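**Q** Below is the structure I would like to discuss, written out as structure tokens.
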Amino acid sequence: MKVRWIGVEPVRLGPPHTACGLVFSLLLGAWSAQALEMSVGKIPFLQAVNGSTVTLPCTYASCIGIENLYFNWQFNDNGTMQKICESVIPSEGVVPDVTIFRERVEFVGKNHHNNVSILLLNITFEDGGQYTCFGRNPKEHHKNHSAIFNLIVVDELREVDNTLTIIIASAVGGAIALLMGFMLLKNFTLFVLTKLEEKNKECLVTSSGIDNTENGLSGSKADSKPTPKKK
């Protein structure tokens, strides 16, 4: 016996690698959403005077939280990474016990608001360079991330010459003021001309009424003589 399929179309599946790629993309997106992130702020550099004290900022973030988060600070000394400090944070809100390997360094983050920043005291020109804030979170299968902060040490902070900026701002402001003055003068002139035109129309109407009165036309206020009656 032969079996016939009526009105049924086969469902076509894409290649196996396409489906696998879609699943992998979804898993990767979910993984990225919960991944550890280290941040040194929106401006990852600082210019400071020799002999001053500066803060190197760094915070961490994780959507699923932390557990025994390991972090450290490193300094790039002509291609050689020198460890400045390191510690492990057991959980959220716990102040870590930080080990410091370099003089004139102080840990000031205290893990408040996920802060793991450090303080450099009495900086020298040798302290200028690239600093890396590194973190690794075992709760995310040892997912790690790092952020770079650049410190520029100068002998003195030079004032920025804003003369050109002031000139441009003054020119733009003057042009705007001139345009506004022109528009006000134009509107005032149009207003005066409109009033003069209305006044001229009123004068023409009044003059026409006076002429009709003097000529004794109908509708005028001239006295009309009565018609004598026939006897």
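The values are calculated or read from the model by the stated rules, or taken from the named source; none is laboratory data. Because the structure is a prediction, the values reported are computed rather than measured. Cβ atoms come from the backbone with ideal geometry, glycine included; neighbour counts cover every protein chain shown. When the accessible area is computed, the model is the full protein with side chains, heavy atoms only, and any ligands, DNA or RNA have been set aside. Shrake-Rupley method; radii C 1.70, N 1.55, O 1.52, S 1.80 Å.
**Q** Specify which of the listed residues (Lys139, Lys195) is surrounded by 10 or more Cβ atoms within 10 Å (Cβ to Cβ), modelled with pLDDT of 90 or more and of a type in the set (Lys, Arg).
**A** Lys139
**Q** Could you tell me which of the residues Arg104, Arg136 is in contact with a Lys or Arg (Cβ under 9 Å, 6 or more places away or on another chain) and of a type in the set (Lys, Arg)?
**A** After applying the criteria, what remains is Arg136.
**Q** Within segment 39-49, track down each residue that is open to solvent by 70 Å² or more (accessible area, probe 1.4 Å) and either within 18 Å of the chain's Cα centre (by Cα) or over 22 Å from Asn72 (Cβ atoms) (or both).
**A** Lys42, Ile43, Gln47, listed by residue number.
**Q** Further question: Among the residues of segment 155-163, are any surrounded by 10 or more Cβ atoms within 10 Å (Cβ to Cβ) and at pLDDT 70 or above?
**A** Yes: segment 155-163 contains one or more residues that are surrounded by 10 or more Cβ atoms within 10 Å (Cβ to Cβ) and at pLDDT 70 or above.
**Q** Look through segment 110-133, keep the residues that are among the small types (Gly, Ala, Ser) and part of a loop (DSSP other than H, G, I, E, B), and return whichever of them is surrounded by the most Cβ atoms within 10 Å (Cβ to Cβ).
**A** The extreme case among them is Ser117.
**Q** Follow-up question, since we're still on this one. On the given criteria, is Arg158 under 31 Å from the mean Cα position of the chain (by Cα), within 22 Å of Pro44 (Cβ to Cβ) and without any contact (Cβ under 8 Å) to a residue 24 or more places away in the chain?
**A** yes
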